[in-house]
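> Sharing a structure here in structure tokens format.
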Amino acid sequence: MVDAWMIDVPGERVLVRELGPADEGPLLTLFEECEDWFVAATGLPSGPGDVQSLFYALPEGADPEDKVLLVLERDGVVAGVVDAVRDHPEPGAVAVGLFLLAPWARGRGLGRALAASLLARAGGGTVVTATVPPGWVPGERFLRRLGFALDAVPAARPDPAGGRPGPRGAGVRRAVLRPAGAEAAGGPGEGARR
């Protein structure tokens, strides 16, 4: 059974659901629309293998069964995608590998509503980690507004979409969110990247 739910965004009909086989075409379109993010992350526009890589990319030590791929639909059109791994880098944690919205969907409150919905569904685990390309100001601002703390120095990491590395694909800024009541900073999740 496919997990799906509506999120509340005033004036919008927004559905979040698991990615399905019929989503490959819409994801190719989304990735092409998000050339700005791909260039910031890798130095290259999205390529045909990036969608395929999304299905297989996992951080080191993660269990493939814990991978979650979700799409955000606005009025029936794919407007975003989220790639996350449950119980990574530690039990109860969530590692977000990709949180991408189409340029036409940004600045409308969709990202914040989606993040709030996902955080609520995560059940207040120990830690949520995410990454952002160094210098990608909209992503850095978005993560800070959600309460994430960003590492000051980029960490080495292959291409964020898990595909071909580009000229800028060598580093990302890691962001960490520790929900209220989670263990203090410096715990086991501190050295992990996703």
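The values are calculated or read from the model by the stated rules, or taken from the named source; none is laboratory data. Quick caveat: nothing in here was measured; it's all calculated off a predicted structure. Cβ placement follows ideal geometry from the backbone for every residue including glycine, while neighbour counts extend to all protein chains displayed. In case anyone asks, the SASA skips ligands and DNA or RNA and just uses the protein heavy atoms, side chains included. Shrake-Rupley method; radii C 1.70, N 1.55, O 1.52, S 1.80 Å.
> If the requirement is being touching a His at 6+ places or on another chain (Cβ under 7 Å) and surrounded by fewer than 18 Cβ atoms within 10 Å (Cβ to Cβ), which of these qualifies: ASP36, ASP66, ASP87?
On the way: ASP36 fails: touching a His at 6+ places or on another chain (Cβ under 7 Å); ASP87 fails: touching a His at 6+ places or on another chain (Cβ under 7 Å).
Just a single option satisfies the conditions, and that option is ASP66.
> Would you mind finding the one in LEU98, LEU58, LEU69, LEU54 that is in contact with a strand residue (DSSP E or B) (Cβ under 7 Å, 6 or more places away or on another chain) and part of a helix (DSSP H, G or I)?
Working: LEU98 fails: part of a helix (DSSP H, G or I); LEU58 fails: part of a helix (DSSP H, G or I); LEU69 fails: part of a helix (DSSP H, G or I).
The match here is LEU54.
> Could I ask something else about it? Hey, can you tell me all the residues within the stretch 111-136 that are open to solvent by less than 20 Å² (accessible area, probe 1.4 Å), part of a helix (DSSP H, G or I) and free of Cβ contacts under 8 Å to residues at least 60 places away in the same chain?
Result: GLY111, ALA115.
> Any residue at all in the stretch 137-150 that is modelled with pLDDT of 65 or more, of a type in the set (A, V, I, L, M, F, W, C) and assigned to a loop (DSSP other than H, G, I, E, B)? Outline the logic, then answer.
Taking the stretch 137-150 as the starting set, the residues that turn out to be modelled with pLDDT of 65 or more are 137-150.
From the residues that got through so far, the ones that are of a type in the set (A, V, I, L, M, F, W, C) too are 137, 142-143, 146, 148-150.
Still in the list and also assigned to a loop (DSSP other than H, G, I, E, B): 146, 148.
Yes, because at least one residue in the stretch 137-150 is modelled with pLDDT of 65 or more, of a type in the set (A, V, I, L, M, F, W, C) and assigned to a loop (DSSP other than H, G, I, E, B).
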